[in-house]
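First comes the structure, then the notes that go with it.
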Amino acid sequence: MGFFDFLTEEIAIDLGTANTLIIHNDKVVVDSPSIVAKDRISGKIIAAGKEAAMMQGKTHENIKTIRPLKDGVIADFEASEQMISMFIREIPALKKRMFTPSLRMVICIPSGITEVEMRAVKDSAERVNGKEVYLIHEPMAAAIGIGVDIMQPKGNMIVDIGGGTTEIAVIALGGIVCDKSVKIAGDVFTNDIIYYMRTQHNLFVGERTAEKIKIQLGAATEELETIPDDMNVQGRDLLTGKPKQVEISSREIAKALDKSILRIEDAVMETLSQTPPELAADIYNTGIYLAGGGSMLRGLDKRLSQKTDLPVYIAEDPLRAIVRGTGITLKDLERYKTVLIK
């Protein structure tokens, strides 16, 4: 193997609905929105990541922005493959290479994914020169990234709220004991805000604006300790058709998101109710860990804590917890071989 080891590079990928992150040599080298811009005439991809995200909602008919992943799953195979290969080419250490090295990769996938969808992820990876491709379930990667010792005979509960899916899992002995994957996550929150602005303010806002509102004002309850400042939002007035601006508060956003958060709460409760009693006892002591971008919603930890009567902890740097966990398994494939799906 010796000589070929020199030609192989190891990367860990968190292929997310909203963001794709790549770790190479223990560093996060790519952290970009999962979006590509395509020229309709030539069919070529003209931009990926941040550059394409800036075009979103502002394109003319010759350019189309595509989000290749929907609900954590590859929806547009071709676009996803081109996106992954563009991101891999962006890795500084691989730019210098004359030819693309063969890659050993670990990619994380949602826990509720089907065989066919898994195949699509693997094929995508193999076509960008992945020689050894391993898959890992997201809640598992999140647990490792948070720093939970997953091999112990102890139960831990992970709630990972991403862009397309919320993954809830109880983990023990290096495996998922019970899990639930619901398609209510960051994207749904964004759409809730668009809908709220339309119905309450007669204001039509785009996805990027709604996402900005979510990040600046997003809240899971109206009783926050520190309330963010009100924000001016611009969009199109649905009555007059003119551009207009309204001022909104975080209380309003909490109202807009309430229904979706209720559904996440219900999913957590349901998972708890399916947990074997011994593990439930462990979780009573360890509490619930939150990861993923959605866990940064203000007051969500408090709200879940009130609902479940359990302590709720947010991972440090929740956006990167999953890719960190994926990177850790890459360094120690031997130890984690039971966790990885070949």
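The values are calculated or read from the model by the stated rules, or taken from the named source; none is laboratory data. Bear in mind that the values here come from a model prediction, so they are computed numbers and not experimental data. FYI the Cβ positions are ideal-geometry reconstructions off the backbone, even for glycines, and counts take in every protein chain you see. Heads up: the accessible areas ignore ligands, DNA and RNA and are worked out on the full protein's heavy atoms, side chains in. Shrake-Rupley method; radii C 1.70, N 1.55, O 1.52, S 1.80 Å.
Things to note:
- Remark: segment 202-327 carries a charge dipole of roughly 600 debye about the Cα centre, counting +1 on each Lys and Arg Cβ and -1 on each Asp and Glu Cβ.
- MRE, 222 nm, helices only [DSSP H, n ≥ 4, -39500 (n - 2.57), over the chain, to nearest 500]: -12000 deg cm²/dmol
- For volume of the Cα convex hull per residue in Å³, the value computed from the atomic coordinates appears in the list (1) 177; (2) 136; (3) 205 under label (2).
- Simple spin-label estimate for ASN232 and GLU126 in nanometres, 7 Å along Cα-Cβ: 5.5
- Simple label model, 7 Å out from Cα along Cβ direction - LYS212 to VAL116, nm: 3.9
- Listed peptides 13-21, 78-86, 59-67 by packing density, highest first (mean Cβ within 10 Å): 13-21, 78-86, 59-67
- Within-15-Å neighbourhood charge of GLY206 [Cβ basis; K, R +1; D, E -1]: +3
- Springs between Cα atoms under 10 Å define the GNM used for the chain, and in it the highest mean-square fluctuation of ARG208, ARG119, ARG251 occurs at ARG119.
- Rounded to the nearest 20 debye, the dipole magnitude of the chain is 1080 debye, with +1 charges on Lys and Arg beta carbons, -1 on Asp and Glu beta carbons, and the Cα centre as origin.
- Largest first, the three principal axis extents of the alpha carbons in segment 287-342 are 40, 20, 16 Å in whole numbers.
- DSSP-defined antiparallel bridges as percent of all bridges, the chain, nearest 5: 65
- The solvent-accessible area of ASP237, taken with every protein chain present and a 1.4 Å probe, is close to 20 Å².
- When a 1.4 Å probe is rolled over the protein heavy atoms, the share of accessible surface on segment 1-158 that falls to carbon and sulfur comes to 53 percent.
- Of all accessible heavy-atom area on segment 233-342, the percent that carbon and sulfur account for (1.4 Å): 51
- Taken over the Cα atoms of segment 240-279, the convex hull encloses 102 Å³ per residue.
- Shape of segment 94-156, Cα gyration tensor, a/c cut at 1.5: oblate
- Using R0 = 56 Å, the C-beta based FRET efficiency linking LYS64 and ALA281 works out to 0.60.
- Dipole of segment 136-267, positive end: most advanced residue of ALA169, ALA142, VAL188 [Cβ charges, Cα centre]: VAL188
- Value in Å of the Kirkwood radius, where segment 62-178 supplies the Cα pairs that are averaged: 15.8
- Separation of the alpha carbons by more than 30 angstrom is noted, of LYS70/LYS212; LYS64/LYS342; LYS64/LYS122; LYS212/LYS307; LYS27/LYS212, for LYS64/LYS342.
- Sites ASN25 and ALA75 - FRET efficiency at Förster radius 41 Å, r taken between beta-carbons, to 0.05: 0.85
- Segment 239-260 and segment 299-336: distance between their alpha carbon centers, rounded to Å: 31
- Hull-based mean projected area of segment 3-139, where the convex hull spans the alpha carbons, in square nanometres: 8.8
- In a reduced charge model with +1 at each Lys and Arg Cβ and -1 at each Asp and Glu Cβ, segment 62-212 shows a dipole moment near 520 debye about its Cα centre.
- In the full protein context, the chain carries 48 Å² of accessible surface per residue, based on a 1.4 Å probe and ignoring ligands, DNA and RNA.
- Charge sum, other residues only, whose C-beta stays under 14 Å from ALA48's C-beta, Lys/Arg counted +1 and Asp/Glu -1: -1
- Relative packing of peptides 106-115, 87-96 - highest average C-beta neighbours within 10 Å first: 106-115, 87-96
- Of the accessible area of segment 165-214, computed with a 1.4 Å probe over protein heavy atoms only, carbon and sulfur atoms account for 45 percent.
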